[in-house]
1. Over the stretch B:130-277, what relative contact order in percent results from Cα pairs under 8 Å that are six or more residues apart?
2. Taking 8 Å as the Cα distance limit and 6 or more residues as the minimum spacing, I'd like the relative contact order of chain A as a percentage.
3. Please list, by residue number, every one of the GluC sites (Glu not before Pro) in the stretch B:326-376 that is coil in DSSP and has at most 12 other beta-carbon atoms within 10 Å.
4. Calculate the length of the line joining the C-alpha centroid of the stretch A:28-61 to that of the stretch B:171-211, in whole Å.
5. List every residue whose amide H lies under 5 Å from the amide H of residue B:120, counting only residues 5 or more places away in sequence or on a different chain, with H placed 1.01 Å from N in the peptide plane.
6. Amide H neighbours of residue B:234 under 5 Å, at least 5 residues apart or on other chains, H built in the peptide plane: list them.
7. Say R0 is 30 Å: what FRET efficiency, to the nearest 0.05, do residue A:2 and residue B:208 get from their beta-carbon distance?
8. May I ask which of B:51/B:153; B:109/B:153; B:384/B:448; B:109/B:143; B:291/B:459; B:290/B:459 have a Cα-Cα span longer than 18 Å here?
Amino acid sequence: MALKIVVENCTVCGACEFECPNAAIRFESDTYIIDPSLCTECEGHADNPQCAEVCPVPETCVAA
Amino acid sequence: MNANVISLDGLKVASRDDLTKAIESKGCESSSCGSSDAPEDMDPSTWQKVKDHPCYSEEAHHYFARMHVAVAPACNIQCNYCNRKYDCANESRPGVVSERLTPDQAARKVIAVANEIPQLSVLGIAGPGDSAYDWRKTKETFKQVQAQLPDIKLCLSTNGLALPDHVDELLDMNIDHVTLTINMIDPEIGTKIYPWIFWEKKRRTGLEAAQILHERQMQSLDMLHERGILVKVNSVMIPGINDEHLLEVNREVKKRGAFLHNIMPLISAPEHGTVFGLEGQRGPTAAELKKLQDACAGGANLMKHCRQCRADAVGLLGEDRGQEFTMDLVPEEVTYDPSKREAYRDWVAEERGERRAAAETAKAETQAAVNPDAEAMLIAVATKGGGRINQHFGHATEFQIFEVDNDGVRFVTHRRCDNYCVGGYGEEDKLELVIKTLEGISTILCAKIGDCPREDLEKAGIEAIQDYAYEYIETAVSAVYRARNGLPAEEAEIA
């Protein structure tokens with residue numbers, strides 16, 4: 001159960017890193033990536049995954 | 001290096017006279033953003049805050065430069081005039097940027113610019129993204145810059161949604177200028193501008209989103225005003241959506257203590273990939289914008305000299321030297337050398353005092369010589385800054401328009417035109433554009449003009465005058481006004 005970031009869509013704004021309650025998102029080689037071992041899809045924290053909620057580009061933070 | 005800016009070689013000199021000469025020969029680009037009030041119209045504490053800020057004071061924009069650093073790319077709202085994927089070095093409009101910086105890089109860049117551009121007085125963080133939402137990066141940048149350049153003014157631009165959480169930190173950091181973008185005070189109208197906001201763990205849409213944003217924006221304005229932080233409100237004029245509504249916005253933000261209200265035209269084209277661009281939503285015409293600005297007169301001070309600069313702009317308003325300071329051009333280690341900025345400030349302090357005195361003298365002479373009922377006159381000026389007529393007609397990419405009557409000389413607006421002179425010789429069709437740009441104006445003052453364009457302008461009913469080269473704008477404009485209103489020519493020339 002984890003999300004991933006579609007690199008071609010990512011604008012590298014970093015809002016997802018900022019909002020992730022699990023610190024599962026980090027900047028690496030010019031893009032942001034989600035560590036699947038830390039991602040909980042925000043279960044128990046919020047109704048929806050925070051990265052997908054805040055991301056300005058549709059279909060960028062999607063199910064891995 | 002851009003030919004329109006003061007050569008730094010020119011500023012190695014220490015004396016004011018030499019600096020004056022340096023500026024006369026090379027010039028600095030001018031522009032306009034801010035209140036046109038001079039010190040006598042303002043309380044002293046406000047004047048202290050705005051006197052070096054080109055975006056808050058029309059007077060200051062003749063002397064001082066700003067730079068923006070794009071360090072806070074994350075945003076908490078979506079606007080229909082913004083496309084976060086857009087990036088083009090040739091585009092000049094808010095939110096567009098080519099290079100995003102870390103706070104460390106930004107601090108280095110600021111020092112490099114301060115060493116090269118002594119007019120630098122303001123560092124702004126203005127997107128893309130929201131400086132108050134992406135606060136950690138904004139704050140870290142400000143801290144680093146403040147540690148090394150304590151006298152630089154810091155300001156930020158925000159949509160206001162996250163700002164109430166950080167207002168007291170702003171106060172702690174001595175930040176006394178904040179720009180809030182407020183496009184509506186009616187959430188129904190907000191629904192047509194903002195598709196969503198991210199707020200308290202959820203993406204909110206529709207009326208709920210606009211309502212929350214509106215409340216937070218008003219809270220931001222109130223909190224800033226209570227703490228004595230000067231607020232400039234930016235509003236994007238979107239025909240058919242908020243154009244008439246901006247009159248109400250103007251009244252409301254004035255009531256809540258905004259220092260300036262800057263109504264900007266929507267910039268919209270399909271190739272920008274924004275919702276408005278793709279829908280064919282148009283921006284306002286110059287006439288529509290002016291009509292709205294005129295209707296708002298008497299509200300909060302209207303800012304008429306905004307150039308809607310890029311989020312990584314560097315330089316005096318109306319110029320952008322950002323391309324000279326991309327990160328690959330900034331050295332790994334830079335040491336701040338305050339001497340140029342100090343010399344420049346000393347020069348400005350003396351120069352602006354003299355300019356003010358010259359303007360007062362010109363006003364008195366005009367009042368003595370011209371009938372008080374004489375009609376006001378609009379005069380276009382080609383200037384590279386410093387409050388002087390110091391630009392070649394062919395190099396002007398914009399003209400500053402001044403109004404003069406018995407009551408003195410006032411900046412009205414700038415009018416942009418394409419650079420008429422390319423590679424040293426003029427092109428006929430570009431001159432046509434200039435003539436169109438100057439519609440309604442029959443006199444232009446410039447440092448120099450070729451015979452051909454002068455004759456062509458004359459045929460179009462525009463007199464170009466180069467007799468006042470390097471004079472103060474107020475002195476020259478007043479002299480022309482007196483000459484047109486019956487005073488003998490030689491007396492006008494002396495003035």
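Read the figures in this text as sums done on the coordinates, not as results from a lab. Predicted model, so just to flag it, every value in this text is computed and none were measured. Here Cβ is always computed from backbone atoms with ideal geometry, including for glycine, and neighbour counts include all displayed protein chains.
1. RCO, the stretch B:130-277: 22 percent.
2. 47
3. Those that pass, being in a loop and sparsely packed, are B:332, B:333, B:375.
4. Result: 23 Å between the Cα centres.
5. B:65
6. Amide H to amide H, under 5 Å and 5 or more residues apart or across chains, residue B:234 pairs with B:180, B:181, B:182, B:262.
7. 0.50
8. As for pairs spanning more than 18 Å Cα to Cα, those are B:291/B:459; B:290/B:459.
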